[in-house]
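Each remark here refers to the structure printed beneath this line.
The values are calculated or read from the model by the stated rules, or taken from the named source; none is laboratory data. The model shown is predicted, which means the values in this text are computed figures rather than measured ones. As a convention, Cβ positions derive from the backbone with ideal geometry for all residues, glycine included, and neighbour counts pool all protein chains shown.
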Ligand code: URA
């Protein structure tokens, strides 16, 4: 292991065998965390070429079970977001796509740091069970056309272990490590077609469009080599998506969106990602057709009904979906007011994500418990005019002392200008 670390430290290319050796030794527990940490940092500084990234993806994918979806008829689709703030897309997109007749398979993760996780959001619905075996997963998709569950222990254990180390060693934001982490999970889950929401900007792990394009290209070539189709949609994460950040709050906003009353950015993103999923699945020939079909599913209630069905089959109480005001919010409420006037020219997603985590909506370590009712509602976003004293955000927390901690981040979050700023487009580029 020492030789492999030094080789990468000195900028040399690792062989497939060496990469496999590190991953299998790490998963088996024969290579300790401290050596893998040093190896990750060497990769962070020296990078990996495409062949090394492919070898790492392959070794990680084969570190556990591979799910076989071949008994489910049709083209099965999966989506993945590289992580953002206020990103409740899966809650909307899953039932939306499934209601249009395309089987949706989705294994999701939990939030960490400033980003949220789909599993935590779903658990804000009382009774919702995210644990299931691979067999139950396949059976549920076969019967209902949708399953959203936790990545179980046996699926890509290498990613679970590596991600936890990366998170505490400053090695998350590297293109090869992100590509192998995402793609090993997507390939192991067995979907035929994958849509990646590749987030770029202040609140994302990828900060520049150039890096996002490189990452998309690696993912596309990995998918092609494995006989899968992949479309990467590069989307902006400068400001949070929608208005709600925090678990129960985001479920409420997702329900509004499924009912046709959601924020424009979230709705448009779901129609865009969903359109690509329908095209890849062969359900539609064009994006226009795909978007129209999905709009109809929202308007005629079938997307909302699919969400109710999903909640019921995974043990949740659908009464909380039909009456989302029942989803409990934390008891203390605080209105954060503006001390400035002007147009909002920037609203930092990272600061909002960190503020929300301080209120209890996010985890500081993997072991922390979260407050599902905590979070933030943004009342003003980029491009809106603000007067001194206007409410910028409404904060929810179980303990009023947490508001001061969140405010430290909120003070930095809004930037103002005299003139109306140009809003950055949400969809920046599509690569397929
Ligand atoms: N999402 C993942 O699944 N893995 C990463 O490395 C980053 C974002």
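Taking the stated definitions as given, is residue 227 more than 16 Å from the ligand (Cβ to nearest atom) and free of Cβ contacts under 8 Å to residues at least 60 places away in the same chain? Here the answer is yes, as residue 227 does meet what is asked.
You will find that of 117, 113, the residue that is closer than 30 Å to residue 355 by Cβ, without any contact (Cβ under 8 Å) to a residue 12 or more places away in the chain and in the same structural domain as residue 297 (by TED's automatic domain parsing) is 117 and no other. Residue 255 meets the stated requirement of being closer than 27 Å to residue 75 by Cα, crowded, with 23+ Cβ neighbours inside 10 Å and either touching a residue at least 40 places away in the same chain (Cβ under 8 Å) or away from the ligand (no atom under 11 Å from the Cβ) (or both). The conditions of being surrounded by fewer than 24 Cβ atoms within 10 Å (Cβ to Cβ), in a loop (DSSP other than H, G, I, E, B) and away from the ligand (no atom under 16 Å from the Cβ) are met by residue 262. With respect to the stated conditions, residue 204 fails to be in a helix (DSSP H, G or I) and under 16 Å from the mean Cα position of the chain (by Cα).
With the condition being away from the ligand (no atom under 15 Å from the Cβ) and under 24 Å from the mean Cα position of the chain (by Cα), I'd like the helices (runs of 4 or more DSSP H) fully within region 32-100 carrying at least 2 qualifying residues.
In region 32-100, the matching helices (runs of 4 or more DSSP H) lie at 50-61, 89-99.
Of the set (1) crowded, with 19+ Cβ neighbours inside 10 Å; (2) within 13 Å of the ligand (Cβ to nearest atom), all apply to residue 130 but (2).
Of all residues being in a helix (DSSP H, G or I) and over 22 Å from the mean Cα position of the chain (by Cα) in region 299-314, which is nearest to residue 107 (Cα to Cα)? Just the residue, please.
Only one residue tops the list, namely 313.
Just one of (1) modelled with pLDDT under 95; (2) within 13 Å of the ligand (Cβ to nearest atom) trips up residue 221, so point out which. With respect to (1) modelled with pLDDT under 95; (2) within 13 Å of the ligand (Cβ to nearest atom), residue 221 is out only on (2). When residue 58 is tested against (1) closer than 30 Å to residue 139 by Cβ; (2) surrounded by fewer than 24 Cβ atoms within 10 Å (Cβ to Cβ); (3) modelled with pLDDT under 95, only condition (3) is not met. Mind listing whichever residues of region 107-121 are closer than 21 Å to residue 309 by Cα, within 14 Å of the ligand (Cβ to nearest atom) and buried (at least 23 other Cβ atoms within 10 Å of the Cβ)? 107, 118, listed by residue number.
Being part of a helix (DSSP H, G or I) and under 21 Å from residue 256 (Cα atoms), is that true of even one residue in region 102-119? Yes, that holds for at least one residue. The number of residues in region 202-212 being crowded, with 18+ Cβ neighbours inside 10 Å and away from the ligand (no atom under 13 Å from the Cβ) comes to 1. If you go through region 167-186 and keep only what is near the ligand (Cβ under 7 Å from one of its atoms) and in contact (Cβ under 8 Å) with a residue 60 or more places away in the chain, you end up with 177, 178, 181, 182, 185. Does residue 160 count as surrounded by 22 or more Cβ atoms within 10 Å (Cβ to Cβ) and within 12 Å of the ligand (Cβ to nearest atom)? So residue 160 fails the test.
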